[in-house]
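Chemist: One structure follows; several queries about it will come next.
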Amino acid sequence: MTHSSVVVHEALSAILRWGSRPDVHKSLTSGPGAGLSSTDVWLLSAVHDHGPLRMRDLAAWQGVDKSTVSTQIRRLEQRDLITRAPDPTDGRATLLSVTATGRTLSEGLTRTGADAVDGVLSAWTPDDRHRLAELLGRLSAALTQAPQPPDRGRAGYHRPESTGPDPAAPSPAGPGPV
């Protein structure tokens, strides 16, 4: 563990806390996006940016069971944001795509988020903004490609032998930052 990795971890934790604050979520999803959960926004964005997608691919990407995504997608279908269609290459599968309404909303949410970032970075130089965008893009790609931690609750998981405490276990003082 390096000082830099601690600083990055703490910065990411602070960003996640900021993004999960109810007032921030409300300001980013007001108007047509009102009532969308953070997961709804993420799923709509994923289907908009990478669709059409199969339900199982979206579930794998989110790291959840297909039935969980199916319930979430149903909410977006009821708002006419996402539609399902048969996969022409596999009759058993369906493809998820954004509707025109979903596309408009997703693009609006992206603009709103970018405007919020512009406000926060307004005092930064263009060069600093560019470097931040480049480095965050690299970090995002690396995190997306990194192997996922083992699911300790899943059947078949066996804890490796260790000579010390489990680093994933909560400390006696309670869990650390997320």
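Every number in this text was worked out from the coordinates using simple rules, so none of it is lab data. Source: prediction; values computed, not measured. Cβ placement follows ideal geometry from the backbone for every residue including glycine, while neighbour counts extend to all protein chains displayed.
Chemist: Can you put Thr68, Thr89 in order, fewest other beta carbons within 10 Å first?
Modeler: Details: Thr68 13, Thr89 8.
Neighbour counts put them in this order, fewest first: Thr89, Thr68.
Chemist: Roughly what would the spin-label model give for Arg84 and Val64, points 7 Å off Cα along C-beta, in nm?
Modeler: 1.6
Chemist: With the calculation restricted to Cα positions, what are the radius of gyration and Dmax of segment 1-43 in angstrom?
Modeler: 14.0, 44
Chemist: Tell me, Leu58, Leu28 in order of fewest to most beta-carbon neighbours within 10 Å?
Modeler: Leu28, Leu58
Chemist: Let me ask something additional. Asp115 label point, 7 Å along Cα→Cβ, cut-off 20 Å on backbone N: hits in segment 19-51?
Modeler: Zone members listed by number: 19-38, 41-42, 45.
Chemist: Here is a follow-up. Of Arg79, Arg74, Arg92, how do they rank once you tally other Cβ atoms within 10 Å and put the fewest first?
Modeler: Numbers: Arg79 17, Arg74 11, Arg92 6.
With the fewest neighbours first, Arg79, Arg74, Arg92 line up as Arg92, Arg74, Arg79.
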